[in-house]
Amino acid sequence: MARFTKTQLGREEIAARKMAFDRPTRNLLLIIDPSRDGEDWLQMVHGAEAGALAALEEAGLIERAQAPAASVAAPARSSRSERGEDSVLRPAGETSLDDDALYERLNGVVKAQLGLVQGLRLTLAIEQAEGREALCAVARQVIALVREQRGEAAAASVSWTLGFEA
């Protein structure tokens, strides 16, 4: 089955909630990205039916992805603390990524590292982030949660993936 990505209209709909969709379809819109095919996403959302993908696509909220999403896992590398360097993150706005790349990678990291329930909550925070500083604040929150739940090495990998370390 095809992979899908949100369109700009889809991102706007998440915040505006103007269109009348049932909860499973709205949840599908919230979490869908090209990291999995549409059938996988349908199975993850309780109550979502096959027609939900078609409805979202017809409404212009999602579109077929050109290619499967690249893995968000960072190459193996030592963390700053393992190298004896200060482990402080760059301040907001100093990620090496542009906003679109940060948005895409942040969505991938949330789903890969924090699970479905926490991932849904943070995906909503990503969608509601207005401006670069707000997006960076969510990124720092994700890094902190990964550090708490999966350890320093995982947090360093996520931090690098999100462009916060050189």
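The values are calculated or read from the model by the stated rules, or taken from the named source; none is laboratory data. Only a predicted model underlies this, so the values are computations on that prediction, with no experimental measurement involved. Using ideal geometry, Cβ is built from the backbone for each residue, glycine included, and neighbour counts are taken over all protein chains shown. Side chains are part of the model used for accessible areas, which takes the heavy atoms of the whole protein and leaves out ligands, DNA and RNA. Shrake-Rupley method; radii C 1.70, N 1.55, O 1.52, S 1.80 Å.
Filter segment 144-164 down to residues that are of a type outside the set (S, T, N, Q) and buried (at least 22 other Cβ atoms within 10 Å of the Cβ) and give me whichever is nearest to residue 118 (Cα to Cα). If you could, list the steps in order and put the result at the bottom.
Step one: filter segment 144-164 for residues of a type outside the set (S, T, N, Q), giving 144-148, 150-156, 158, 160, 162-164.
Now restrict to residues that are buried (at least 22 other Cβ atoms within 10 Å of the Cβ): 146, 155-156, 158, 162, 164.
Values: 146: 11, 155: 16, 156: 20, 158: 16, 162: 18, 164: 22 Å.
Of everything passing the filter in segment 144-164, 146 is nearest to residue 118 (Cα to Cα).
Conditions: (1) closer than 19 Å to residue 124 by Cα; (2) modelled with pLDDT of 80 or more; (3) hydrophobic (A, V, I, L, M, F, W, C). Residue 55 meets all but one. Number of the miss?
(1)
Give the residue that is most open to solvent (accessible area, probe 1.4 Å), with candidates limited to residues of segment 1-11 that are modelled with pLDDT of 85 or more and of a type in the set (D, E, K, R). Spell out how you get there, then give the answer.
Narrowing segment 1-11 to residues modelled with pLDDT of 85 or more: 2-10.
Next, from what is left, pick out any that are of a type in the set (D, E, K, R): 3, 6.
Details: 3: 74, 6: 14 Å².
Ranking the qualifying residues of segment 1-11, first place goes to 3.
Could you say which residue among 133, 94 is on the phi < 0 side of the Ramachandran plot, loosely packed, with under 13 Cβ neighbours inside 10 Å and at pLDDT 85 or above? Break it down stepwise before answering.
On the way: 94 fails: at pLDDT 85 or above.
After applying the criteria, what remains is 133.
Counting just the residues of segment 25-53 that are within 19 Å of residue 115 (Cβ to Cβ) and over 15 Å from the mean Cα position of the chain (by Cα), which one comes out surrounded by the fewest Cβ atoms within 10 Å (Cβ to Cβ)?
It comes out as 46.
Mind checking which pairs have a first residue in segment 131-143 that is over 17 Å from residue 119 (Cα atoms) and in contact (Cβ under 8 Å) with a residue 40 or more places away in the chain and a second that is hydrophobic (A, V, I, L, M, F, W, C) and surrounded by 14 or more Cβ atoms within 10 Å (Cβ to Cβ), Cβ under 6 Å, 6 or more apart or different chains?
Between residues of segment 131-143 that are over 17 Å from residue 119 (Cα atoms) and in contact (Cβ under 8 Å) with a residue 40 or more places away in the chain and residues that are hydrophobic (A, V, I, L, M, F, W, C) and surrounded by 14 or more Cβ atoms within 10 Å (Cβ to Cβ), the close pairs are 133/92.
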